[in-house]
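The values are calculated or read from the model by the stated rules, or taken from the named source; none is laboratory data. In this text the structure is predicted, and so the values were computed from the model without any measurement. Please note: Cβ atoms are built from the backbone with ideal geometry, for glycine as well, and neighbour counts cover all protein chains shown.
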Amino acid sequence: MTPLPTPIRADSLSRQVFGILKEAVFDGKFQQGELIAEIKIAKWLNVSQATVREALVLLEQNGLVVRQKNRKTQVNRLTTDEVRDRVAMRVALEPLAALKASKVMSSEDLEKLGRLAEQMPAGDEGNRLSSTLADLEFHRYLWEKTGSPILARTLEQLTTPLFAFVEPDLPETQSRHLLLVETLRIRDSELITDRVRSHIEEAYRSFLQPEAGRAAKTA
């Protein structure tokens, strides 16, 4: 008898659904403030409502949806003040993460980070979804290399909504991220702090200027 394939565990299936829904949010298929119906998603993906519910919990942990007491789930809607707060906290925490990572990253780690940067468009002509996901993957890899799961998880929860819902002022390109990789190679603490901070501030400049009063992309 030919061995049967290993069955998909419930947690694996919910993570697959989470990945599908997360990409749909990033792609704008779900708009900010839109209600997500568990039963419709379950029918669409041919999975149980319980599996969808588990996936929505993961989305909530990433700051992409809000789960209400009446069991309704709504795509997060960021106000300008909320975006500004998240950006300010990212400006404070990500230079710290870069410093911690720079102390332990091997040449192989830096090579991989460089390859992740090269997956981003050379200019501003790239597909927004693929560029955004590549941008998030670059930063997530850096956070993971801090050796601090708490810091990595905090940055993940803090910034995922920014990547999903906010159009940056400056396109996220290869050159901007390769500059960060080269800065990490130098391992100069002051330079790392300055460049990482500048990298974020340039991307969200209008939100850091109160007089601009700019709103999130679809809010």
Selection within region 127-160 - touching a residue at least 40 places away in the same chain (Cβ under 8 Å) and either in contact with a Cys (Cβ under 7 Å, 6 or more places away or on another chain) or β-branched (Val, Ile, Thr) (or both):
132, 146, 154, 159, 160
If we keep just the residues of region 61-84 that are exposed (fewer than 14 other Cβ atoms within 10 Å of the Cβ) and of a type in the set (S, T, N, Q), which is farthest from residue 22 (Cα to Cα)?
70
For residue 154, are the conditions met, namely being over 19 Å from residue 192 (Cα atoms), modelled with pLDDT of 95 or more and either crowded, with 18+ Cβ neighbours inside 10 Å or polar (S, T, N, Q) (or both)?
yes
With (1) out of contact with any Pro (no Cβ under 9 Å at 6 or more places or on another chain); (2) in a helix (DSSP H, G or I); (3) more than 22 Å from residue 189 (Cβ to Cβ); (4) not basic (Lys, Arg) as the list, and residue 131 as the residue in question, which single condition is left unmet?
(1)
Which ones in region 60-81 are in a helix (DSSP H, G or I) and free of Cβ contacts under 8 Å to residues at least 60 places away in the same chain?
60, 81
Flagged in region 113-146 as of a type in the set (Lys, Arg) and buried (at least 16 other Cβ atoms within 10 Å of the Cβ), in numbering order, are 140, 145
